[in-house]
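K.L.:
One structure, as structure tokens, below. Some questions next.
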Amino acid sequence: MGRFRVTVRRGPKVEHEKHDSLAAALDSIQVRARELSEDADAHTLDTKLGRKFEPVQQVVGRIELRGPGVPRSGIDVRGDGSTESYTGWIRRQLIEQRDGEDAYEALRRRVTPQ
């Protein structure tokens, strides 16, 4: 059935997964984001216009969540391996991490119904 859809983007590669529960989708997001984080190895980019983009400024992977009753949201994996959770689609808003929380826990807190 697959009520919750997870989209994994890494460069030009796009993969789709379907999950029957929100918990299973969030577990998959965490596993896939950790895999992307371990492989992140972006280098500083210098553009012809003189701008520099450090690895932390580059998104090397994005994992998105869609499903009934949850806002569009996901995890961005940066070029240095760090992660950030967000909500929104056109205008992404970062989910603020509370003390002791990582990006995965912040995403779970934000999208799990209370």
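The values are calculated or read from the model by the stated rules, or taken from the named source; none is laboratory data. Here the structure is a predicted model, which means the values were calculated and not measured. As a convention, Cβ positions derive from the backbone with ideal geometry for all residues, glycine included, and neighbour counts pool all protein chains shown. Side chains are part of the model used for accessible areas, which takes the heavy atoms of the whole protein and leaves out ligands, DNA and RNA. Shrake-Rupley method; radii C 1.70, N 1.55, O 1.52, S 1.80 Å.
K.L.:
Go through region 1-20 residue by residue and tally those that are crowded, with 17+ Cβ neighbours inside 10 Å and in contact with a His (Cβ under 9 Å, 6 or more places away or on another chain).
P.N.:
Of region 1-20, the ones crowded, with 17+ Cβ neighbours inside 10 Å are 4, 6, 8-10, 19.
Those left that are additionally in contact with a His (Cβ under 9 Å, 6 or more places away or on another chain): 4, 6, 8.
Here the count works out to 3.
K.L.:
With the requirement that a residue be of a type in the set (Lys, Arg) and either loosely packed, with under 13 Cβ neighbours inside 10 Å or outside any loop (DSSP other than H, G, I, E, B) (or both), what does region 61-97 give you? Before you say what the answer is, go through the steps one by one.
P.N.:
Filtering region 61-97 for residues of a type in the set (Lys, Arg) gives 62, 66, 72, 78, 91-92.
Correct list: 62, 66, 78, 91.
K.L.:
Exactly one condition in (1) over 10 Å from the mean Cα position of the chain (by Cα); (2) open to solvent by 50 Å² or more (accessible area, probe 1.4 Å); (3) within 25 Å of residue 44 (Cβ to Cβ) is false for residue 58; which is it?
P.N.:
(2)
K.L.:
Among the residues of region 21-39, are any in contact with an Asp or Glu (Cβ under 6 Å, 6 or more places away or on another chain) and open to solvent by 40 Å² or more (accessible area, probe 1.4 Å)?
P.N.:
No.
K.L.:
Which residues, taken from region 98-114, are under 24 Å from residue 41 (Cβ atoms) and open to solvent by 40 Å² or more (accessible area, probe 1.4 Å)?
P.N.:
102
K.L.:
How about region 1-60: which of its residues are outside any helix (DSSP H, G or I) and of a type in the set (Lys, Arg)?
P.N.:
The answer is 3, 5, 9, 10, 13, 18, 48, 51, 52.
K.L.:
How do the pairs read when you match residues in region 33-60 that are over 19 Å from residue 103 (Cα atoms) with residues anywhere that are open to solvent by less than 60 Å² (accessible area, probe 1.4 Å) and among the basic types (Lys, Arg), using Cβ under 9 Å and keeping only pairs 6 or more apart or on different chains?
P.N.:
What qualifies is 42/78.
K.L.:
In region 24-50, what residues are aliphatic (A, V, I, L, M), over 12 Å from the mean Cα position of the chain (by Cα) and at pLDDT 95 or above?
P.N.:
Going residue by residue through region 24-50, those that are aliphatic (A, V, I, L, M) are 24-26, 29, 31, 33, 36, 40, 42, 45, 49.
Restricting the remaining residues to those that are over 12 Å from the mean Cα position of the chain (by Cα) gives 24-25, 40, 42, 45, 49.
Within region 24-50, 24, 25 qualify.
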